[in-house]
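What follows is a set of notes on a single structure, which appears directly below.
FYI, it's all coordinate maths here, none of it is from the lab. Fair warning: this is a prediction, and the values are worked out from it, not measured in the lab. For neighbour counting, all protein chains shown are included, and Cβ atoms are generated from backbone atoms with ideal geometry for every residue, glycine included.
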There are 2 protein chains.
Amino acid sequence: MRWTRTFIPTLKETPAEAEITSHKLLLRAGLARRLAGGLYTFLPLGLRVLHKIEAIIREEMNRAGALEVAMPCLQPPEIWQKSGRYTDMNEVLYHVYDRAKKEWLLGPTHEENITVLVASEINSYRQLPKNFYQITVKFRDEIRPRFGLMRAREFIMKDAYSFDVDERGADISYQKMYDAYTRIFARCGLRTMAVEAHTGAIGGRFSHEFMAPAESGENEIVYCASGKYAANIEKAVSRGPLVPTPKDSTGPAPEKFATPGALTIEALTQPPYNVPAHYQIKTLVYIVESKPVILLIRGDDQLNEAKLASALGTMTFRPATPEEIYAVVGAHPGSLGAVGVTGLPVYADESLRGAAGMTTGANEDGYHIRHVEIARDIKVHQWLDLRTVKEGELCVATGAPLQTARAIEVGHIFKLGTKYSTKLGALFLDEHGKPQPAIMGCYGIGVTRTLQAIIEQSNDKDGIIWPISVAPYTVCITPLETTQSGQVMAVAEQIYAQLIERGVDAILDDRDERAGVKFKDSELVGFPIRVAIGGKSLANDMVEIKPRAGKLILVKKAEAVNRLIELIQRCA
Amino acid sequence: MRWTRTFIPTLKETPAEAEITSHKLLLRAGLARRLAGGLYTFLPLGLRVLHKIEAIIREEMNRAGALEVAMPCLQPPEIWQKSGRYTDMNEVLYHVYDRAKKEWLLGPTHEENITVLVASEINSYRQLPKNFYQITVKFRDEIRPRFGLMRAREFIMKDAYSFDVDERGADISYQKMYDAYTRIFARCGLRTMAVEAHTGAIGGRFSHEFMAPAESGENEIVYCASGKYAANIEKAVSRGPLVPTPKDSTGPAPEKFATPGALTIEALTQPPYNVPAHYQIKTLVYIVESKPVILLIRGDDQLNEAKLASALGTMTFRPATPEEIYAVVGAHPGSLGAVGVTGLPVYADESLRGAAGMTTGANEDGYHIRHVEIARDIKVHQWLDLRTVKEGELCVATGAPLQTARAIEVGHIFKLGTKYSTKLGALFLDEHGKPQPAIMGCYGIGVTRTLQAIIEQSNDKDGIIWPISVAPYTVCITPLETTQSGQVMAVAEQIYAQLIERGVDAILDDRDERAGVKFKDSELVGFPIRVAIGGKSLANDMVEIKPRAGKLILVKKAEAVNRLIELIQRCA
């Protein structure tokens, strides 16, 4: 391709809309443009990258035996009502109305669609296992679309759905996808970590997220340097808090004391109270499916709502308002406690089991209670894992200190079980002629998000540094003069023609621009290798090869093409 | 690919939903399945065909210098309001509402989107010409989705938009697309004809449709066997009616006569009246942008509403109701006429110019008027082309009789002019630094419709006959026994491996099924070449090669692969 024939609108300035590095570079390198909030047009170079990522995904999915299909964007609400997700995922569903006022949905995923297809087309265990995938546009009604392609209204997703006759088969299907995902991201030049994750509204038995570590990531992950444990912070467990919970159970009886104005854990750690946070019980009131419940965690811990959802088996809950709290316990936030509470369910974090000598609110504004021994003084209905693990706590697998990092979720695989096959009738006849629900798995890759995650991980102050496998063009040929009659342009054309001939994706920067402008643009766009041809080096029969992230080398003009191909093969 | 590893749910019976041949075969060959009215899931084989068609389109568009981009499906209504199409195309637009109740549209095409992009990114004549295209999913709120992929709610379209500095450039861009389309359809094995067409709601100066002749087509085209003239029936012209309009202007004065119960042209041709249809004037009352108008055509002609729209420059019109008609002319349909009418605009078809001795309604129920001489007795405000051309009329280019045919519209190219660039601000600075609107063209191919049109043109009683260029697999290898230890399967595996090695898209029918079932399925799906391997012919060291639409040939086992590749090259 010649630069003047394609369309690469690079920008010197960063558009105001862009917050994170990859979003800025996406726009500055002329890969995409914003149409409206959360909606982007892919320009020629951005689309080339997208197609290369899609090709890698397709190859690996096919290699894993998955079959490509394409399902419609518009979906009938009836199947979403059957699966229950019409309600569970209502927040992110776009509703569409046709001229007959009939409602349609724009699908964020296609579990329902593929399951009804399998329900009508697959009847026998002999037709299983099957794994269907598609690479298509998906829709999600985001509260606040942001970060470019990271959280968009509309995005490209690769989604796959496996159907097996039994758990063992389903586990094999799951592992195949785990392995395929690992290869896909590696081939895209993206560093990822597979972490244990919650299943959320998709449902299912267990799941892994593929996380690309990056400062700007919206997720936090917890991992052991050994590689033996990694989990989303929403799911992560440890051997417990680093400072043990006090468990002296021979203390005095509970004692109410005045704490005027001390409304936070932090305030009670200060004089005149001097109660360390881990000697305090944090009391929260939540409304779960319209009913109030009390949640207890240690004063130095944070409630983990994903764990709460998982423990309660519902996602319908929220913190109670101060008015609601006052109505049920007779006090305002800052003075809450569970001592003597009987009318409400009390759920406590495991770390509080056996705790004694604790301080908690008295359910009377301006008062707390000390010398609390949980087993004696509080009626706990259920012990749960409700706290968020902290960096430095010890790994359940190895005992080593856990680390945390920010990361971008680029893939998510789920062992679904029979949730959808049962509800939507995807039954098959087993060897004995008995109908059984297929055991499902589902597997997603955010394709457009992966593109931007690669940029987020792979850039420097000058621009993007594309991995060769997904670069819009592999080699940028930069003649420093473009007079058509000159020797410089003649050599550039020759190298260009030879590279194309040998199957290298090359772009010839034939613009009549200063060398500085061309160099800056090629670095901004991030072509993996640049070859510069100028009068001075040509006088010595040399050209300059500059890997985007490496050192400039001078090579004989006649050897340039071979050296370039060597370089490509070494990096690919 | 092995048949047992992919998913080809062929059907013996035709599902009730399918009306036309290609729709039946689409389902029976296991290429696609219906999710809901106008919504289809592409199964693995259908998607392979779709991808092959897309690859051909992409190659030819790139060859023509067009640049691939990808625009969002969701579009902000603001840009559609600016272009005026929010109203003009409202009927086919899906309206989407997000959680903030903000409205979005699902785009049937992307003129607005690309024009605002160009408006913000292209400023100088030096950056032009440009032609951007995309192959993406589009949406259209059809009154009655039908015929499978032919008229779906959601479909894949290739749309392209060219921007030029002047008319000459725009004509070149248009011609490049005309040529690319011609090559694309030819390479897909689809017979098409480029016909002159109306521009409709898209707008613009002129356009051509690419029509694939087929009995089931929803369009009618008119063409001259010479190839020098072809047009959509909505647009077609001729040298005029075959029977001339009577033009004797020395007749008697108009005379009212009673015609009790004769309310149609046909009725007046019967005794006792015996007025030939071409001696009658058909009088129609239409409401055009809320105002009544009278339209006159010859009794044996049909009003052509597309021509009316074009002549009036509006698409907002409809036939008046009997009540509306009575209110303006004082008579009911069946007795209408324009003699003596003064309060309303009267538009008459050119074929009536100079007509004399005509019969028309008297605007009094149960009466007609004869001896009407238009120039003398009717005040015609404007002479227009309002009639539909009929088969056998003479070609304006050659004078030969015109033919008509049914056809499927698979492509449409428009010379748009500056409609969108002016309204949406796509201006560039010309050589003199003066802002000018870009001259646009837009170009569409119905990709999924093309797939089905190929089936519609290329099938027989046994199933589809795929052109090699777009076949899901080129060669189907059919071992007549599948015992793994047997020689038959060994030879099949060997031929399969050799074909794959040599880059041939082959499928091995490794199902444990009777030969008859396998043959039937391979014919139904329509693989271009089948090679059957059976014990009997193998005993003579032979295998059977059967082109889908040709004769069976016996070839030496050792020569099979070379013969297959020869056959493929000859047909491709």
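Let's test the formula: R0 of 60 Å, r as the Cβ-Cβ distance of A:Ser226 and B:Ala16. What FRET efficiency results, to the nearest 0.05?
0.50
What is the fewest-to-most order of B:Asp164, B:Asp179 by other Cβ atoms lying within 10 Å of their Cβ?
Ascending number of Cβ neighbours within 10 Å: B:Asp179, B:Asp164.
What are the trypsin sites (Lys or Arg not before Pro) within the range B:478-533 that DSSP puts in a loop, where the Cβ has at most 13 other Cβ atoms within 10 Å?
Taking the range B:478-533 and a limit of 13 other Cβ atoms within 10 Å, the loop trypsin sites (Lys or Arg not before Pro) found are B:Arg502, B:Arg514.
Over the whole of B:536-549, what's the average partner chain Cβ count within 10 Å per residue? Rounded to a whole number, please.
0
Between A:Glu289 and A:Lys551, what length comes free when the chain is fully extended (0.36 nm per residue of separation minus the Cα-Cα distance, one decimal in nm)?
Between A:Glu289 and A:Lys551, full extension yields 88.2 nm more.
Which one of A:Gly251, A:Ala231, A:Ala214 has its Cα pushed farthest toward the positive end of the charge dipole of the range A:212-254, where Lys and Arg give +1 and Asp and Glu give -1 at the Cβ?
A:Gly251
Set Lys and Arg Cβ to +1 and Asp and Glu Cβ to -1, take the dipole of the protein assembly as shown about its Cα centre, and tell me which of B:Thr342, A:Pro547, B:Ile294 lies farthest positive.
A:Pro547
If I model a spin label as a point 7 Å beyond the Cα along the Cα-Cβ vector, how far apart are those points for A:Asp512 and B:Asp385 in nm?
About 4.5 nm separates the two model spin labels.
Say R0 is 56 Å: what FRET efficiency, to the nearest 0.05, do A:His432 and B:Asn562 get from their beta-carbon distance?
The pair A:His432/B:Asn562 has a calculated efficiency of 0.70.
Using 7 Å Cα-to-Cβ label points, what is the A:Arg183/B:Leu263 separation (nm, one decimal)?
7.4
Could you size up the charge dipole of chain A around its Cα centre, putting +1 on the beta carbon of Lys and Arg and -1 on that of Asp and Glu, and report it in debye to the nearest 20?
1100
In sequence order, what are the phi-derived ³J(HN,Hα) couplings for the range A:58-73 according to the Karplus relation 6.51 cos²θ - 1.76 cosθ + 1.60 with θ = phi - 60°, rounded to whole Hz, with x for glycine and proline?
4, 4, 6, 5, 5, 4, 7, x, 7, 10, 7, 9, 9, 9, x, 6
Counting DSSP beta bridges with both partners in the range B:255-384, what percentage is antiparallel, nearest 5?
70
Using Cα-only point scatterers and the Debye equation, what is log10 of I(q)/I(0) for the range B:255-384 at each q in 0.10, 0.18 Å⁻¹, rounded to two decimals?
Ignoring solvent entirely, the Cα scatterers give -0.28, -0.94.
For chain B, take the longest principal axis of its alpha carbons; what is the angle in degrees between that and the long axis of helix B:515-525, to the nearest 10 within 0 to 90?
40
Under a Cβ-only charge scheme (Lys and Arg +1, Asp and Glu -1), can you give me the dipole magnitude of the protein assembly as shown about the Cα centre, in debye to the nearest 20?
Computed about the Cα centre, the dipole is about 1760 debye.
Give the aspartates and glutamates whose C-alpha is closer than 15 Å to that of B:Lys52, dropping any in the same chain fewer than 8 places away, or say none.
A:Glu68, B:Glu60, B:Asp505
Quick one: of A:Lys130/B:Lys518; A:Lys176/A:Lys423; A:Lys235/A:Lys379, which pairs are farther than 23 Å apart, Cα to Cα?
Violating the 23 Å limit, Cα to Cα: A:Lys176/A:Lys423; A:Lys235/A:Lys379.
Could I have the simple spin-label model distance between A:Lys520 and A:Glu78, label points 7 Å from Cα toward Cβ, reported in nm to one decimal?
Result for the modelled spin labels: 6.1 nm.
Could you tell me how many degrees, from 0 to 90 and to the nearest 10, lie between the Cα long axis of helix A:447-457 and the main elongation axis, the longest principal axis, of the Cα atoms of chain A?
Helix A:447-457 and the main axis of chain A meet at about 80 degrees.
List the Cys residues of chain A that have no partner Cys with a C-beta closer than 4.7 Å.
When partners are defined as cysteine Cβ atoms under 4.7 Å apart, chain A leaves A:Cys73, A:Cys188, A:Cys442, A:Cys476, A:Cys571 without one.
In the range B:36-129, which trypsin sites (Lys or Arg not before Pro) fall in coil by DSSP and have 16 or fewer other Cβ atoms within 10 Å?
B:Arg99, B:Lys101, B:Lys102
By count of other Cβ within 10 Å, fewest leading, how are B:Tyr279, A:Tyr133 ordered?
B:Tyr279, A:Tyr133
Using only the alpha-carbon atoms, how far is helix A:487-501 inclined from the longest principal axis of chain A? Give it as 0 to 90 degrees, nearest 10.
The angle comes out near 60 degrees.
Would you mind computing the Rg to Rh ratio of the range B:192-235 from its alpha-carbon coordinates, Kirkwood style for Rh?
0.97
So how strong a dipole does the range A:255-384 carry about its Cα centre when Lys and Arg Cβ are +1 and Asp and Glu Cβ are -1, to the nearest 20 debye?
Magnitude of the dipole: close to 220 debye.
At most 16 other Cβ atoms within 10 Å and a DSSP loop assignment: could you name the trypsin sites (Lys or Arg not before Pro) in the range A:531-568 that fit?
A:Lys551
Normalising by the residue count of the range B:473-571, find the relative contact order in percent from Cα pairs under 8 Å and 6+ residues apart.
29
Could you point to the residue in B:Leu45, B:Leu303, B:Ala407 farthest towards the positive end of chain B's charge dipole, with +1 and -1 charges on the Cβ of Lys/Arg and Asp/Glu respectively?
B:Leu45
Can you give the average number of partner chain beta-carbon atoms within 10 Å of each beta-carbon in peptide B:82-95, as a whole number?
So the per-residue partner count for this stretch is 1.
At a Förster distance of 35 Å, what's the computed FRET efficiency of A:Ser124 paired with A:Val92, Cβ-Cβ distance as r, to 0.05?
So the FRET efficiency works out to roughly 0.45.
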